[in-house]
Amino acid sequence: MSFTIELIISALLIFGGLFVLVGSIGLLRLQDFYVRLHAPTKATTLGLGAILIASMVFMYHMHGYVSINELLITLFLVITAPVTAHILAKAAMHHRVKLMERTRNKHLIESARIQLQPEQDNEKQEQNKEV
Amino acid sequence: MSQISRGISRVLPMPLHSVSLLIVWLMLNSTTSLGHILLGSLLGIFIPLLCAPLRVPTPKIKRPLKALTYVFVVLKDIVVANIEVAFLVVGPMHKIKPGLIAVPLDLSDTLPITVLASTVTMTPGTVSADVSADEKWLYVHVLNMPVDEQEVIDWIKQRYESRVKEIFGC
Amino acid sequence: MLEIAVMLVAAMLCIALVLNMWRLIIGPHAVDRILALDTMYINSIALILLYGIYNQTPLYFEAALLIAMLGFVSSVAFGKYLLRGDIIE
């Protein structure tokens, strides 16, 4: 295996590993659930994508053909990650999980919970501001 | 002529699904041998026939080329913006100012809205939380809200929603 | 060089798994725990792929694909349970 290929694979692996680690650090460090939802769903998916590409390049060089299996895993994860995030956000709203104190537009969570339009609340907010 | 097309649509109620089933089957086995192509075609014919009664009417993709460019735009956004979020996560916590916004939707059907909501979730910094029951508002949680919240709404509307609208032609 | 990189990334992934485990234990709400579990699924897929590179075999992809599918379905089932109180309506 040539040096360049090895360098590319290693760089992709380390890039992916760093992103997976950052996603997990975010999961632990961030302060409320809705903010925590941001880190793992995205950083981890990107990191896994990088590791999958590295593995694809490696297998191509070991066996001489591109195995499309990994591409399928990436595709599957990219399609399913938003669905999981969405259903978890819905569950959190249903159980009235607390938002961080300094979250802006906190009132929207109540209308989002019962799937109503936000308009009335917005007007109220503006009126409050004017007062 | 119409009889022939009706006959085809009876045997293949969802041609796009049949083709994608065949492609996924070949990808799963990562081969292009004749036997697998035959088996995949059989699956591609029979599974849609079984699933046809479950189908929900959805708008068709009007412009496949636009859809392809959309995928690339989103991929680029995922990579670029993920790095920003990574720095935010590792940096000091008090810098993060989360917020909620309600984005007014111009889209009219479930499939385009689902595509838009998934894109919003995959692009870092925003997670779509819910859609109002009348499908006119998308609630989005923003990780780091700029001072002017209209900026985020405009970004979502111009960069993603207008493209989704073009793709589905609604 | 590749071996060093593989070891380094394996260490990173193990640390990530431990952090997820931590969140799984302290998570103040059930939703946090589900999120931690979902992240653990994804991290273990990464670890399995890395093991495949280490052993130079493509055999583990099938396992990774299975974990990806089961992980998604179980996360959605947990979320649905929290949302409705039962899984199959």
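Read the figures in this text as sums done on the coordinates, not as results from a lab. Since the model is a prediction, treat every value here as computed from it, not as a measurement. Here the Cβ is made from the backbone with ideal geometry for all residues, glycine too, and neighbour counts use every protein chain on show.
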For segment B:11-42 and segment B:50-109, write down the distance between their C-alpha centroids in whole Å. 29
Take every residue in peptide A:89-100, count the Cβ atoms of other chains within 10 Å of its Cβ, and give the average of those counts. 6
Relative contact order for chain B: what is it in percent, counting Cα pairs under 8 Å that are at least 6 residues apart? 23
Shielding of C:27-34 by partners, i.e. mean partner chain Cβ atoms within 10 Å per residue? 6
Work out the mean other chain Cβ neighbour count within 10 Å for the residues of A:48-58 and drop it here as an integer. 5
Normalise the Debye intensity by I(0) for chain A, one equal point scatterer per Cα, no solvent, then take log10 at q = 0.09, 0.10, 0.18, 0.21 Å⁻¹ and round to two decimals. -0.44, -0.51, -1.01, -1.18
In chain A, helical segments from DSSP H whose Cα atoms cover 18 Å or more along their own axis and that average at least 1.6 on the Kyte-Doolittle scale are A:3-29
Whole number please: convex hull volume per residue, Cα atoms of segment B:22-170, in Å³. 151
Note: the protein assembly as shown at 4 °C, 1.567 mPa s; Kirkwood Rh on alpha carbon pairs; Stokes-Einstein D in µm²/s works out to 57
In degrees rounded to 10, the 0-90 angle between helix C:61-84 Cα long axis and the longest Cα principal axis of chain C is 20
Relative packing of peptides B:158-167, A:78-87 - highest average C-beta neighbours within 10 Å first: A:78-87, B:158-167
From the Cα gyration tensor of segment B:42-88, with a ≥ b ≥ c the square roots of its eigenvalues, which class applies: rounded if a/c is under 1.5, or else prolate if a/b is larger than b/c, or else oblate? prolate
Distance in Å, no decimals, from the C-alpha centre of segment C:25-68 to the one of segment A:30-67 is 11
Using a Förster radius of 22 Å, what is the FRET efficiency between B:Glu84 and A:Gln31 based on their Cβ-Cβ separation? Nearest 0.05, please. 0.70
Distance between modelled label sites at B:Leu75 and A:Glu110, nm, 7 Å Cα→Cβ extension: 4.5
Step through the table entries A:Lys98/B:Lys97; B:Lys60/B:Lys165; B:Lys157/C:Lys80; B:Lys76/B:Lys97, compare each Cα-Cα distance with 20 Å, and write down the pairs that go over it. B:Lys157/C:Lys80; B:Lys76/B:Lys97
For chain B, take the longest principal axis of its alpha carbons; what is the angle in degrees between that and the long axis of helix B:34-51, to the nearest 10 within 0 to 90? 70
